[in-house]
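The values are calculated or read from the model by the stated rules, or taken from the named source; none is laboratory data. Computed from a predicted model, the values in this text were never measured in an experiment. Ideal geometry is used to build each Cβ from the backbone, glycine not excepted, and the neighbour counts take in all protein chains shown. SASA here: full protein model, heavy atoms, side chains in, ligands and nucleic acids out. Shrake-Rupley method; radii C 1.70, N 1.55, O 1.52, S 1.80 Å.
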Amino acid sequence: MIKAILVFNNHGKPRLSKFYQYFNEDMQQQIIKETFQLVSKRDDNVCNFLEGGSLIGGSDYKLIYRHYATLYFVFCVDSSESELGILDLIQVFVETLDKCFENVCELDLIFHADAAHQVLDELVMGGMVLQTNMADILCRLHEQNKMQKAEAGISAAPARAVSAVKSMNLPQQLRDMRLPDLPQAIKDLKF
Amino acid sequence: MALKKVKGNFERMFDKNLTDLVRGIRNNKDNEAKYIAQCMEEIKVELRQDNIGVKANAVAKLTYLQMLGYDISWAIFNIIEVMSSNKFTFKRIGYLAASQSFHADSELLMLTTNMIRKDLNAQNQYEAGLALSGLSCFISHDLARDLANDIMTLMSSTKPYLRMKAVLMMYKVFLRYPEALRPAFPKLKEKLEDPDPGVQSAAVNVVCELARKNPKNYLSLAPVFFKLMTTSTNNWMLIKIIKLFGLMTQYEPDIGRKITQSLIDLICSTTAMSLLYECINTVIAVLISISSGMPGHAASVQLCVQKLRILIEDSDQNLKYLGLLAMSRILKSHPKSVQAHKDLVLACLDDKDESIRLRALGLLYGMVSKKNLMEIVKKLMMHMERAEGTLYRDELLTRMIEICSQNNYQHVVDFEWYITVLAELTEMETSAKHGCMIAAQLTEVGARVAQTRGFAARECAALCARAAASPPRAASREVLYAAAYVLSEYCTEEDVMRESISALTLCASADAGGPHMRARAVCVHAALKLAAKLLRAFELRGDRRSVIAVLHEILAGVRPLLCSEDMEVQERAHNTTALMSLVLRRLQPADPALADAPLEPPSDTLVDHEQSNGLEKNENGEINEEESSKSLSGGLIEEIVSLFEGELKPVAPKAQKKVPIPADLDLNQWLSRDRWSSDSSSSEGEDEGTALFTAPQVDAKPVTQFTPEELQMLREARRQEQANNPHYLKDDSPRSYQQDDIPIAEIALEVPLQVQSKRSDKYLITRENSKKAKKEKRPSKKRKNKIERHFSESDSDDGADRVGRPAVAEGGELPDGAAPSDDEQSLHDDPHRALDLDLDLPLREEELLSSRIQQYPLPESGLLIKKKESKKNKSSEKRSSEKSSHKKKVKNSKRNKEIDLMLPEIANNNDLGDNLLIETGEDNAPKNDLTIDDASDKKQREKLKTEKHKKSKKDVKDKDSKKKKTSKKDKHETKIGYEEALGISTPSKEVI
C-alpha cells in the first residue's frame, strides 16, 4: 500500500500532496516538513530509499523518492510494495505529467495542481496501484478532458478569454485594475 | 432567462479563480497569511451564492489552500453540494476536494450515500470512476455497508475501467466493513482470471493486500496464483504474486517447494531488476521456511547470495541498498553464506550513503565472531567520532551494544575491553536515551560477569571522578546513575573507595549535573555504602584514625546536601549524616564535626535511640557488652554494613508476571480506604522486555512521605523562596567548560605514533600480539582445535579464548516453577484482524448483501445497468441465492478439474494444506470472527453441520467416484483428508 504521495520543491514548498490515510492538516504539514528535511539533505548520487520517517508509518514504511530538477517526488510505502517498482511508478507519473503539460515544470504543478491530481488518480487509487501503462492513462485523461470541454462549450469562452488576458504578461497596474467594477456597471444597465 | 445566464457568466469571469489565487499568493510573499485570510473571506462569500459554478470555483480554491495546510472542514457541506452537481467538470472539483479533506469520521458523510450511489450507477464510466476514486479516500463504515452492493455490482460491469476500480475499491470496503468480505470473495476470486489484464492485476493487488495480513486464509488460491505466475508477463503483477508466495510459504512450506524451480528460472531469465530482486526475496523466504532437506538447497542459497553480491557491487546505489536488505534476510537462516561476503559488508560501512551504511550495520550483527569483534567495534567507534547526524550516531551506538551483548555476550572474550568501550562511548556526545542503554549494559555486565567486577568498579570510579570534576553531558548523567551503583556495589579497593566518596558527594550536588539529574540521590546512597565498607575494613585492622578520617570526610561531603532542593537527595543526606554521626559519637563523643550534625540526639540517650530501632536492638546490646573492647565502634559499623549486604541477581524480564498470586490475596480489596494511598500505586513491569536491568534497584525504601502533588508544591514554594532571596546563589550560573581533567589515554608502546588511539585499543593490540605468539605455537595445537571445533559452531574461535573468557551468568531469576517463555500476544489495533475470516466456509444466508438492495431503491439508470449485467454476468448475490444450482456445481467442479489437471501436484498439495486449514479454521472461527455476533454464529454453524450431514449422504456416491480418481494421483492422502478437501475446492456452492 502507498500511504502518501508528496511532491515538493527544493525549498520544501508543497506542490501536490495526497494522503491515503487520514491526517489532519497540521499533521500533514508536519509530515511534509519532516519528509523534506530527510530527503533534501541527501546527495543526488545516493540511493533513493529512506527509512526513519518518524511521523508517518513506522518500521514497516519506507520513503521512496526521486528528484527531478526543482521537484522531489516522494512516495511513502509499506513493505508490500516493491521498491524498484515504485521507482518505476514515479517515473511513469512524471512522464505522464510531461505528456499532459508538454514539458512539465514546477510552474505547471503550481498552477494546475488539480490537473496533476487527475493524473495521479488514474495512476493510484486509494493507495493501490491502478494503472501503470502510460498510453492507457493518457487515453483516459484525454476522454475525461473532452467531456469537460464539451460541457463548457461556448459559455466558457469569455472566461477563458479573461484568464488569457490575466495570464498575459501585463504590467502590474493593469492587472491589479479592479475588474469586478465592470459587472456592476453592466448590472445597472437596464435590459 | 438566457440573458440572465449570460449575465451570470459574465459576472463570473471576473471572480478570482484558482490561477488568480495562486498568483496572488506568490505576489504576496511577505504577508501570505493575511492575503489568504482575505481570500478565505471571499471564498466564504462565494460559497453562499446560488450559482454552482461560483461554488465550484470556491471549492477548487479551497482544495489548493488545504494543501497549504489550511483547515477546510467547515466547507464540507458546500463540497458535497458541488459533488452533487450534474456537470462532470464540477463533480471533478467536488470529488477532488472531498478526497483531500474528508475522512471516515467526517460529519455529514451520511448525506453523500445516495449521491454517491447515483454516481456509481451513472451511465458514463468516468463519472462512476470518479466516484470510486473519491470514495476510496474517505469511505466510512456506514458508507461501506450501504454501498458494498453497488460496488460489487460494478465489479462485473462490462467496462474494464470500472471493473478495475471497483475491484480495488472492494479492499477499502473490506477494511471498513469486514462482513462484506465473505460474500464478495467468490467474485473477487473470479476477477483473478478476468480477460482484462488491468482487472486481473487489480484483483491480484487486492488479494495480496488481504493475504498479507492473514496469509493462512488464502492458501487455497495458490494454484490460481501459480498459473498466473507462469503465464503472465506483467511485471507489476508478477512482483505482487511473488511477494505473496513469499508470505504464504511461511505457513505452507510445500508451496515454497513447488515454486522454487520456477522462481530460479525467472531469476536466471529476467532482465527486470525489480522482478529479479523480488524473486530472490521469495526464494530466501522459501529457504527459511524449509530450513533443509530440499534438493539443491545449498545451491539455491548460493545462487541467491551470488546474485545479491552482483547487486551490492553494482554502481547503482539503489541496487546496493536492496542487495544489503536481502542479505540481512538470508543472514537469519544462513549466516555462514553471508559471512563469506564480509569484505563487501565492511566496505559498505564506509559508503557515503547513510541508508547503505545503516543497512550494512544491520548485517554486522551476524558477521561478528570472537575473533573480529574488537576490530569491528573499533571501526564503529571511529565512525562514531566522525558521524554527523544523530540518527546515524544513535544507530551506531545501538548496533554496537547489540553486537556485543548478543546471545549473552557470546562474542565478548575480554570484558575489561568491553567496559572500557562503554566508558569511551559515554564520553562521546550522545543523547540521554543512549546514556540509559550504556548504563543498563554497565549494570548488566557487573551483575553477570563476576570476574570483571573489580575492573568495572575502577572504571566507574573514574567516570564519577570525571563527572565531579566537570559537569557531565546528557549521556554521562544517565551513565552516572549506573556507575554510582556499580562502584559502590562491587568496589573492594580501599584507595579507590576513599577517593570516590568525595567525588560521589560532589556529583550529588546540584551544580554537577543540573538539578534534574536522577543520579543524584543514588550518588549520596553510594557514598554511604562505600563509607560503610571502608569503615569496616579499617575497623578490622583497628585503624582508628582512618575510621575517623573517613567519617569526617563523608560528613563534610554530605553537609551541603542537607539542604539540597531535591527532596530525595536531602532525605538521603540526612540519613547518611545521622548514621555516620552515630558512629562518630560512639568513637569520639566530643568530635567537633558532631556539632554540625543537625539531627543530633543528646549523647546520653544514644543507647535508647538504638534500642528503639527494633531489629537491631538485641544484637546491638549483646555486642555492646561482649565485644566493645575488640571493635572500635562496638559493632555499630558491622550493623551499618549489614544494611548493604546481599548480592543483587539478574531477574528474568517477565519474572514479575510469573509470580503466582497467593491464594489468600484479594487484589480487589482495598488495603486502605485512604484516597491518597491509591495515587502512589506503582507501575511495575511496564518496561519489561527492553533489558534485564532497566535501572539499578538501589533504593528499596520510599524516602519521602509526601505525595507527588505535595512534593511539587513544596518544591515550587522552595524555588519561589530562593528566587526571592537575594542572598541565595542561583545554581544556573554559567560554568567554564574544562576538559583537561579527563585522563589521557595510555598508549601502548607497540603502536608507533597512532594519533587516534583509544584506551580500548590496547586490548586489541595485546590480543593481536598474543595471536602472533600463538601462531608460532599453532602446529602443535592443531589437533586440539579440531576437536573443539566439533563442540562449537563458530569456526573462528580459538581454544585459548574460551579458556580465558570469564563466566557469564545466564538467564535470570524467576519465581519457582515458572519457565522463561513469551506467552504474551501483542494486540494491535489493526483493521486487518477483523478480516481474518475463513473464506472457504460456505456462505450463510444472513451474510448475503443482496438484502440491502431492497432497502435502498436504486435510481433507474442503475437498475438498467444491473439488468443488462445480470444477463451476461450472473452476479454473485443471485448465484448464491439460487438454491438449486446443480448446473453450476457441475460447471464449477469441471473448472476445478481443469486446474487440477494443469497443476496436479500443486492442487493436491494444496488440498493437504486446506485440510489443515479447515480443521483449524473451524476451531478458531468463533474466536476470530470479531465482528460477527457469536451466538448467532454458532447456531448457524450447527445448522450448517446438520445440513452437511444430509447432503453428504446424497453426495457419497459422487464423491466416492471422484475419490477413486484422485487417490490414484496421490497415494499419500488419507480418505478423510480428501473428503474435507473436496468441500473446499468447490466453495460456497456445495451447501447452499
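Things worth noting here:
- The Cα center of the range B:441-490 and the Cα center of the range B:316-355 differ in position by 36 Å.
- Ligands, DNA and RNA are left out, and with a 1.4 angstrom probe the accessible area of the range B:452-567 is 32 Å² per residue.
- Protein heavy-atom accessible area occluded, B/A pair - total, 1.4 Å probe, Å²: 6600
- For the residue pairs A:149/B:118; B:34/B:55; A:62/B:352; A:99/B:227; A:99/B:191, the C-alpha atoms sit more than 27 angstrom apart in A:99/B:227; A:99/B:191.
- Mean Cα-pair separation over length for the range B:122-184, i.e. relative contact order, pairs under 8 Å, 6 or more apart, %: 39
- Using a Förster distance of 30 Å, the FRET efficiency for residue B:658-residue B:332 (Cβ separation, nearest 0.05): 0.55
- Note on residue B:111 and residue B:77: the extension gain reaches 11.3 nm, defined as 0.36 nm multiplied by sequence separation minus the Cα-Cα distance.
- Modelled this way, with points 7 Å down the Cα-to-C-beta line, the labels at residue B:27 and residue A:79 are 5.3 nm from one another.
- Note on the range B:103-252: Kirkwood hydrodynamic radius from all Cα pairs is 15.8 Å, rounded to one decimal.
- Estimated at 0.36 nm per residue, the fully extended path between residue B:407 and residue B:390 surpasses their Cα-Cα distance by 3.4 nm.
- Three-way shape label, the range A:1-107, alpha-carbon gyration tensor, a/c 1.5: rounded
- With R₀ fixed at 60 Å, the C-beta to C-beta distance from residue B:141 to residue B:649 puts the FRET efficiency at about 0.70.
- In this rough spin-label picture, where each label sits 7 Å from Cα along the Cβ direction, the residue B:51-residue A:41 distance is 5.1 nm.
- Only protein atoms count toward the accessible area here, which uses a 1.4 Å probe; on the range B:251-408, the carbon and sulfur part of that area reaches 51 percent.
- Compactness of the range B:218-366 was expressed as the Cα radius of gyration divided by 2.2 N^0.38 Å, which yields 1.03.
- Separation in nanometres of the label points that stand 7 Å from Cα toward Cβ, at residue B:724 and residue B:766: 6.1
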